[in-house]
1. Give ALA312, ALA395 a once-over and let me know the one that is under 30 Å from GLN52 (Cα atoms), touching a residue at least 40 places away in the same chain (Cβ under 8 Å) and within 20 Å of the chain's Cα centre (by Cα).
2. Being without any contact (Cβ under 8 Å) to a residue 40 or more places away in the chain, open to solvent by less than 30 Å² (accessible area, probe 1.4 Å) and under 23 Å from ARG120 (Cβ atoms) is the requirement here; does ALA263 meet it?
3. Would you check if THR190 is free of Cβ contacts under 8 Å to residues at least 40 places away in the same chain and not aromatic (Phe, Trp, Tyr)?
4. Every residue in region 129-158 that is open to solvent by 20 Å² or more (accessible area, probe 1.4 Å) and hydroxyl-bearing (Ser, Thr, Tyr), please.
5. Can you list residue pairs whose Cβ atoms sit under 9 Å apart, with the first residue in region 210-224 being in contact (Cβ under 8 Å) with a residue 24 or more places away in the chain and open to solvent by less than 10 Å² (accessible area, probe 1.4 Å) and the second being charged (D, E, K, R) and in a loop (DSSP other than H, G, I, E, B)? Count only pairs 6 or more apart in sequence or on different chains.
6. Among the residues of region 339-358, which ones are in contact with a Leu (Cβ under 6 Å, 6 or more places away or on another chain) and under 11 Å from GLY220 (Cα atoms)?
7. Quick one: in region 376-433, of everything that is under 19 Å from THR356 (Cβ atoms), among the charged types (D, E, K, R) and in contact with a strand residue (DSSP E or B) (Cβ under 9 Å, 6 or more places away or on another chain), which residue is least open to solvent (accessible area, probe 1.4 Å)?
8. Output the number of the condition that LEU174 fails; it satisfies all remaining conditions of (1) outside any helix (DSSP H, G or I); (2) within 22 Å of TYR364 (Cβ to Cβ); (3) free of Cβ contacts under 8 Å to residues at least 60 places away in the same chain.
Amino acid sequence: MRRGKPVHRLGQVTVYWLNKIISIMSSSPPLPRTSSRAQNLSPPSIEDVLDQYSDLSDTANLAMGVAHWGPPQSALNAIRALGKDEDRGNEDNGDRRGRKQRLHGYGPITGNADLVAALRDKLETENQLDLKGQRLMVTAGANQAFSLLALALCDPGDTAVLLAPYYFSHLVALQIAQAKVVEGKWDPTTLLPDVEHLRSHLASGLVKVVVLTTPGNPTGAVCPETTLRQIASLCHAAGAWLVIDEAYEHFVHDGARHVSLCARKLNLPGLIHIFSMSKSFGLAGWRLGYMVYPLALHPALRSLQDTIPTHAAIVSQEVGKAALEVKTEWIRAQVRTLTPCRERLWSLLSKYCPATVRTHGAFYFLAQLPPQVDETRAVHVLATEHGVLCTPGRAFGAPGTLRLSYGSLPPAECMRAFDRLEAGLAALTQNSK
């Protein structure tokens, strides 16, 4: 037995050092640093909310910026037709094989010719744009369009005025481009841009680009044509680009009217439009947007698009082309389904958040919380105690508010969600007195 003890001790020591060596050899070295640019980006607010409360069951999502309907029948038919082409295999005739090759191969950087032609027709007839001297590019969603523009227009340190309350993805794209972002003020009674405040920034001569969303996200504010022209004229006089995001162009209520300014007609060479097929056509997951810009900007955008991401997915473009076959009345009919939920939300906000402004576009109200109600606590209480998810207003440069969607859920689900929301707001306002 005594002879065995030293062997046993030696075994323990040997095992210890073997484990130590294996640990050293298998442990990864520290990762190299990521860029300070990436480290300092604003977080994805909606994803943060979804992640934070992912363990909750039976929640109603009023945080998501998506329409509750799906694509029109023409788009669904196109999707089915694409699937049938695949099911038929390689025994098809030459025309079908050629079509399959086009679907699975690369396409034009700026978009498929038939889709571009359909979009041009839409822009000229519906938006009343004169596209002479303009180019159109199809992108993987409106977000990608804006990201390309931020890189094309801004050098590091250039000043960009983001008219607040702003869409948070615009802020992140400008941060990626390393622009110096200045928040433009808004009129608290209308949630429209404060034009005089913008004028003071433009007077410095340092502003490179101004960004405006109308109808607004998160506000729903619809910028009148007179205000749009005023902002555009100020930008033109100051030599600044004006980017107008019109993703919610069809979402207008209470007799409001959305207007797309015509760069050629108004002599505004620095005007750029961004549009989306995600909201109006129920195609959010297909990632399809487009932008209209001056011809002189095309070489820069072409080079950027060639790399990020070469072009919008070919199958998405096929579906988008089919969706455009429906008339605008189809979209208007979908938008009208939002009215009951819109009015229900407005009635409870009028009661519990009376400082909220009734705006006339998109499918949001920016709820102005009473001063005694903390925004962060409100988001948490509504989620954990009432099963309602909403987006904090600080993500849009509007602290003390909540962005609430009345378009993300089918009407019956939306009404049930508003019952929960009302109970939550009642508890928050009562407990904060």
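The values are calculated or read from the model by the stated rules, or taken from the named source; none is laboratory data. Computed from a predicted model, the values in this text were never measured in an experiment. Don't worry about glycine lacking a Cβ; one is built from the backbone with ideal geometry, like all the others, and counts go over all protein chains shown. Ligands, DNA and RNA are excluded from the accessible area calculation, which covers all protein heavy atoms including side chains. Shrake-Rupley method; radii C 1.70, N 1.55, O 1.52, S 1.80 Å.
1. Values: ALA312 fails: under 30 Å from GLN52 (Cα atoms).
The match here is ALA395.
2. Working: without any contact (Cβ under 8 Å) to a residue 40 or more places away in the chain: no; open to solvent by less than 30 Å² (accessible area, probe 1.4 Å): yes; under 23 Å from ARG120 (Cβ atoms): yes.
Spelling it out, it is not the case that ALA263 is without any contact (Cβ under 8 Å) to a residue 40 or more places away in the chain, open to solvent by less than 30 Å² (accessible area, probe 1.4 Å) and under 23 Å from ARG120 (Cβ atoms).
3. Details: free of Cβ contacts under 8 Å to residues at least 40 places away in the same chain: no; not aromatic (Phe, Trp, Tyr): yes.
No: the conditions fail for THR190.
4. Going through region 129-158, the residues open to solvent by 20 Å² or more (accessible area, probe 1.4 Å) turn out to be 130, 132-135, 140, 143-144, 147, 151-152, 155-158.
If the condition is that a residue be open to solvent by 20 Å² or more (accessible area, probe 1.4 Å) and hydroxyl-bearing (Ser, Thr, Tyr), then SER147 is the only one that fits.
5. Going by the 9 Å Cβ cut-off, the qualifying pairs are THR214/GLU246; THR214/GLU249; PRO215/GLU246; PRO215/GLU249; GLY220/ARG358.
6. VAL357
7. ARG403
8. (1)
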